[in-house]
Each structure stands twice: as structure tokens, then as C-alpha cells.
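Below: the structure, in C-alpha cells.
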């Protein structure tokens, strides 16, 4: 339609018949009145045609609905969280009671379940997977965006679910194999690193995880004081958390270690991990303030049409007025 408007601009044409003044036709009157000289074409039809062509062009611009893009809107979400893989240790030592919550002794596993459930209820990330850290390790839940399923699976974790011992190296190797295709995913391991066994060194497993494009954080569960706690199920001898091993594993995995001294420290660690790993949103997806501009070309088109029709108003004698 734009080429048609340009053609009308270069070659003015007479006004359409629809724009001519309305008149009542009486056919027999032509026989009664002698025909006079042919009426001369009205001057000024050319510039009216150009005005109408310009009006068509402005109307086409208005139909395209042009807009003005302003500054991006503040939505509060400037990035997209990445996938999260939770690795929860289930060795027998996770039953040791060395936490005091509201005056009550709480074992390591119970505190881990409670705070993970609270964290998942408010988690705004993408997908979550779950792996059992034990001997042998096990994939408990693949990556899923269903928070209710993940919370239910976390609530079913118990000590010795993956055996009485801990095999960090084999567990991290399993995570690298199952989730290595998810580049940039974050792995958070909750463990006390006690009763460590296995043929793969824990640091080597963390290095394999980092080579697969994943980042590993460790959350040390339990107290480092040999005199803390009161044992666990079956009168188990108290074993403090191995902070040195968990720190080495975290550094080898490209992350850091957090020591969950109490419930607040564990919540802060989870929030820090979530905040540190944010993926920029795809380019061009940001929302912007938009202002419609079509009223301006539409108004210009209407104004040009009114100017073109101004000379077609009938005069007092019943004939069209000249320009």
C-alpha cells in the first residue's frame, strides 16, 4: 500500500466520486434544458489529490501502531536462577544430637530436613534435583520444577538411607555423570564428612564435578567441638564434623564451605548460595515502558482529509464552491 500512496503523490488524480457533493438527479431535466458548453474541470484538483495521498500515507503509519520504547521497568527480578542439585548425607553420624533449637536437642538430620523444607518453600529458582550421599550413593530425584515433589522427597530422608558410611568421591562422580550436561548448575552438599570410605578421593570427585561445569558448595552439619553433643541412636560415639575435608572439597569444586553452627547460619548459607548464582535473562526479554504514537499520524491524516474537503462545500447557489 505504501507504493500505491507514492504513486498517488507523483500523479495526482481527480477526487473520487464519493467525495463529490451530494445532489438529487432528475433524468428528464436533461431533455428539457439545452446542453451548454462542456464544463471545465475545476482547478485545484491536483493539490487535493496530493493531500489525500499524504493522508493515506499517514493513515498507513498509524495502522502500523508505532510506539516509543522507554526505560526498562523495575520488576525486581534482574536474573534467572540456575538449576540446583541437593546432596544430603545419610551416614549414621547424621543422627548425632549436637544442635539446640528452642531448648530442645535436635539431631543433624532433623535440622537439615526442616531447613531444607523451609528453603524449598520459598525457593524461586528453576529446577531442583536430589542425591543421597552414602555408601553407595543414589539418585533420589532428577531435576524437576515441582517443588511439592522435592519437599516430599526431602521429608522422607532418614539416616542410613544410603548406608551407615559416607563415600563423597563416588557421590560427586555420580552427580557429575547425571547432571554434567546442565552447565552452570549448582551443587550443595550437606554432610558431616564422618566415616568417609571409598576408592575415589573426595577432592578428586570435586575436581571432576568442576570439570563438568558444575559448582560445588558444602554445608558442614554438626559441631567441630569434640565435647559437644550427647551421642545419637544406639549410643553412637560422638564424632565432630570434619571441617577441613569439607573445605578442601568445596574449594576443589569451585565453591566454598558454610558451617551450619545453628539454624540461622544454615538459612543464611542457603540464601547466599541462591543469590550468588543468578543467570542473566535472555537479551530482549526485559519489559519496557511503551508509549503509543499512532494518534499523531492519524490526526495528521484526518486534518489533511478535512483540508482537501474544505473546498467541496456547496455554495448558496447550490453549486460547489471553488477553491
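Worth pointing out:
- Only one of 292, 300 that is under 30 Å from residue 54 (Cβ atoms), touching a strand residue (DSSP E or B) at 6+ places or on another chain (Cβ under 9 Å), at pLDDT 75 or above and not assigned by TED's automatic domain parsing to the domain that holds residue 86: 292
- Considering the conditions (1) more than 30 Å from residue 166 (Cβ to Cβ); (2) modelled with pLDDT of 75 or more, residue 276 is excluded by exactly one of them, (1).
- Residue 309 being at pLDDT 80 or above and over 27 Å from the mean Cα position of the chain (by Cα): no
- Candidates 255, 229, filtered to the one that is modelled with pLDDT of 85 or more, buried (at least 17 other Cβ atoms within 10 Å of the Cβ) and not in a helix (DSSP H, G or I): 255
- Taking residues in segment 53-67 that are at positive phi and assigned by TED's automatic domain parsing to the domain that holds residue 304, and partners anywhere that are buried (at least 20 other Cβ atoms within 10 Å of the Cβ) and not in a helix (DSSP H, G or I), not one pair has Cβ atoms closer than 7 Å while being at least 6 places apart or on different chains.
- Residue within segment 96-116 that is surrounded by fewer than 12 Cβ atoms within 10 Å (Cβ to Cβ), in a helix (DSSP H, G or I) and modelled with pLDDT of 85 or more present: no
- Qualifying residues in segment 166-182 (those that are over 20 Å from residue 197 (Cα atoms) and either outside the structural domain of residue 93 (by TED's automatic domain parsing) or not in a helix (DSSP H, G or I) (or both)) - the one farthest from the chain's Cα centre (by Cα): 180
- Test for residue 149: is it within 20 Å of residue 116 (Cα to Cα), under 38 Å from the mean Cα position of the chain (by Cα) and buried (at least 17 other Cβ atoms within 10 Å of the Cβ): no
- Restricting attention to segment 32-83, the residues being at pLDDT below 70 and either buried (at least 18 other Cβ atoms within 10 Å of the Cβ) or in a loop (DSSP other than H, G, I, E, B) (or both) number 19.
- With respect to the conditions (1) exposed (fewer than 15 other Cβ atoms within 10 Å of the Cβ); (2) in a loop (DSSP other than H, G, I, E, B), residue 268 lacks only one, and its number is (2).
- Residue in segment 193-211 that is more than 19 Å from residue 251 (Cα to Cα), modelled with pLDDT under 95 and not in a loop (DSSP other than H, G, I, E, B) present: no
The values are calculated or read from the model by the stated rules, or taken from the named source; none is laboratory data. A quick note: this is a predicted structure, and the numbers were derived from the prediction, not measured. When we count neighbours, we look across all protein chains shown, and the Cβ atoms used for this are built from the backbone with ideal geometry, even at glycine.
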